[in-house]
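Note sheet for the following structure.
The values are calculated or read from the model by the stated rules, or taken from the named source; none is laboratory data. Keep in mind that what you see is a predicted model, and the values were worked out from it rather than measured. Cβ coordinates were reconstructed from backbone atoms using ideal geometry, including for glycine residues, and neighbour counts include every protein chain displayed. Remember, those area values only see protein heavy atoms, side chains included, never the ligands or the DNA or RNA. Shrake-Rupley method; radii C 1.70, N 1.55, O 1.52, S 1.80 Å.
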Amino acid sequence: MTVPYRVRALARTDYPQAGSLLSRRWAREAECGRPLDQKRDFALIQPLRTGDHNDELHGLFEDGQLVAMWELDPTGPGPGWSTSERAENSVGLLLLYTDPVHRNAGRLVSLWLADQLARHPRPPEWLRYSVTDDRLADHITRAWGWKKVRYDNRRHFLQLPCEVKPALRVLITGPVSEQAPSCPSPAPPARSEHP
């Protein structure tokens, strides 16, 4: 049986597909009236073009076509989370771009990340993400299974529990190990008093 999806670190040869995915994403964002930051997005994939990249940017491929790409922050969820939330063992999703034509890519990536993180020897409790767009936050919670934590400073704070999902291996193959590059080992919980 052939598994329809594959996860791997993006390489220099993936630059054209990453650029194409961003172009489709920008067109969809413009249709929805969401703000675009093309300069920031392009800066994300530029290291692929020059070959000066690391293994932090990963992609979900369907039959060789890039349908999603993301980057994680193993040190925690990033700014805006409370001191007590930052003290919890969690991983931050820095960004996730999905092909607007592939309606299930975000859900598949979310499930796969939650599964992979749960397989670490000291798994994080949460995968965390924040977004500014109301409609996008509603879509992520409704269609991808994330839970809203709160809305603060014009940001929606969302989280997904890290849980093993054995049946997912029928759909997605990828670096399945305790040190998989797309799911770096979480850092110890932060003990800072500053959010």
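On a C-alpha basis, how far is the centre of the range 61-111 from the centre of the range 114-151 in Å? Whole number, if you could? If you average the Cα positions of each part, the centres end up 8 Å apart.
Nonpolar atom fraction for the range 56-123, defined as the carbon and sulfur part of the 1.4 Å probe accessible area, stands at 50 percent. Descending by average beta-carbon neighbour count within 10 Å, the peptides 54-64, 111-121 line up as 111-121, 54-64, the highest first. Translational diffusion of the chain was estimated from the Stokes-Einstein equation, with Rh taken as the Kirkwood radius over Cα pairs; at 10 °C and 1.306 mPa s the coefficient is 93 µm²/s. Using just its DSSP H runs of length 4 or more, each adding -39500 (n - 2.57), the chain gives a mean residue ellipticity at 222 nm of -9500 deg cm²/dmol after division by all residues. All alpha carbon pair distances within the range 27-97 were sorted into 5 Å bins beginning at 0; the resulting P(r) in whole percents reads 3, 12, 17, 20, 19, 16, 10, 3, 0.
What the Cβ-Cβ distance of Arg142 and Lys39 gives, at R0 = 35 Å and to the nearest 0.05, is a FRET efficiency of 0.70.
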